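A.B. asks: Once you've had a glance at the structure underneath, I'll fire off some questions.
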Amino acid sequence: MDRVTTVAGGVRASARVLARGDGRGGTVLPVLEGEGPLAVRRTRGSGAEARVMLVGAMSGPLGGDHFEVGAHAANGARLRVGSAAATLALPGQDKAGARYDVRLTVDDDAELHWLPEQLISVGGSDLTVTTSVDLAAGARLLLREEQVLGRAGEEPGRLTSRLTLRIDGRCVLDQELLCGPGAPGGWDGPAGLAGHRAVGQLVVVRPGFATEPPAARVFEEGAAVMPLAGPAALVTAVAPDALRLRRLLDGALASLD
């Protein structure tokens, strides 16, 4: 049963998904659980792939909240995780910042598509997002992150986002983005977001990239493709709005195929 824990300073909630190959070419979900604002629902899959949707059952994260989400694609699994709507980082009565921690694990001969909708940093909010990904040597991954700084006509809140990727125990990506009030100077300048208010990235991990890595290149204005030191590629993009950002990311992903 879903439940939510309210602690001093905010709400603490978690969600967990475990997918396994069923030995017959399909994927089963032995663990599918969420608390309070992190409702988890299975949706109609396609072929061998199981699909899961994160559904926001409450507003948040608010100041002082701490959300944790974990997804594990075990051997033989094909798992796609999305969200029903954008996540709004909101100011709360508590002056402390909010946290949203994501932990993803993919085993050999398994695949995970982590495709949530945008995270919107609302004015006055303060959110720290950490995404930690651990892949086996033969794992496959498609991860998308999109952040929108402020609603229409609104200054953004403070947003700290860190992504760490390890493949077969080796760290191939560890980067952090700080935006909004209190962030180091220059985050919105020519060497940063250059005045844009939407920023995103794709991480694509495929064993075939070990022998045929994608070439480093500018895909379109505002988007670039960069091979990583492993069977992986990173696509980064900035755009004036969320719609343009999604088009850039989708186009760059298609070019990798």
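A.B. asks: To the nearest 0.05, what FRET efficiency results for Arg244 and Arg24 with a Förster distance of 51 Å applied to their C-beta separation?
C.D. replies: On the way: r = 42 Å, r/R0 = 0.83.
Given R0 = 51 Å and the Cβ-Cβ separation, E is 0.75.
A.B. asks: How are the C-alpha pair distances of the chain spread across 10 Å bins, as whole percents from the shortest bin up?
C.D. replies: 7, 30, 36, 22, 5, 0
A.B. asks: Please report, in debye to the nearest 20, how large the charge dipole of the range 72-131 is about its Cα centre when each Lys and Arg carries +1 at its beta carbon and each Asp and Glu carries -1 there.
C.D. replies: 200 debye
A.B. asks: Something else: Hey, if you put +1 on the Cβ of every Lys and Arg and -1 on every Asp and Glu Cβ in the chain, which of Ala242, Gly76, Gln175 ends up farthest toward the positive end of that dipole?
C.D. replies: Farthest towards the positive end: Gly76.
A.B. asks: Then there's this: Considering the Cα positions of the range 151-254, please state its Rg to one decimal place and its Dmax as a whole number of Å.
C.D. replies: Considering the range 151-254 through its Cα atoms, Rg and Dmax are 14.9, 47 Å.
A.B. asks: Considering amide H positions built from the backbone, and no H for Pro or chain starts, which residues 5 or more places from Gly45, or on another chain, come under 5 Å of its amide H?
C.D. replies: Arg51
A.B. asks: For the range 85-234, what mean projected area does the convex hull of the alpha carbons give, in nm²?
C.D. replies: Averaged projected area of the range 85-234's Cα convex hull equals 9.8 nm².
A.B. asks: Describe numerically, in nm with one decimal, the distance between label points set 7 Å from Cα along Cα→Cβ at Ser46 and at Ala86.
C.D. replies: The modelled label-to-label distance comes out at 2.5 nm.
A.B. asks: Determine the dipole magnitude for the range 188-257: charges of +1 sit on the beta-carbon of Lys and Arg, -1 on that of Asp and Glu, nothing else is charged, the reference point is the Cα centre, and the result goes in debye to the nearest 20.
C.D. replies: Result for the range 188-257 is approximately 80 debye, rounded to the nearest 20.
A.B. asks: Ignoring ligands, DNA and RNA, what accessible area per residue does the chain give at 1.4 Å, in Å²?
C.D. replies: About 46 Å² of surface per residue is accessible.
A.B. asks: Relative to a virtual label point 7 Å from the Cα of Thr164 in the Cα→beta-carbon direction, which members of the range 86-110 show backbone nitrogen distances below 15 Å?
C.D. replies: Correct set: 100-105.
A.B. asks: What dipole magnitude, in Debye to the nearest 20, does the chain give about its Cα centre under +1 on Lys/Arg Cβ and -1 on Asp/Glu Cβ?
C.D. replies: Taking the Cα centre of the chain as origin, the dipole is about 420 debye.
A.B. asks: Over the range 104-152, with every protein chain in place, what whole percent of the accessible area is carbon and sulfur at 1.4 Å, could you tell me? Walk me through the numbers on the way to the answer.
C.D. replies: Details: 700 of 1440 Å².
Percent of accessible area from carbon and sulfur atoms in the range 104-152: 49.
The values are calculated or read from the model by the stated rules, or taken from the named source; none is laboratory data. Since we're looking at a predicted model, the values are computed, not measured. We place every Cβ from the backbone using ideal geometry, glycine too, and count neighbours over all the protein chains shown. Please note that ligands, DNA and RNA were not included when accessible areas were found on the heavy atoms of the full protein model with its side chains. Shrake-Rupley method; radii C 1.70, N 1.55, O 1.52, S 1.80 Å.
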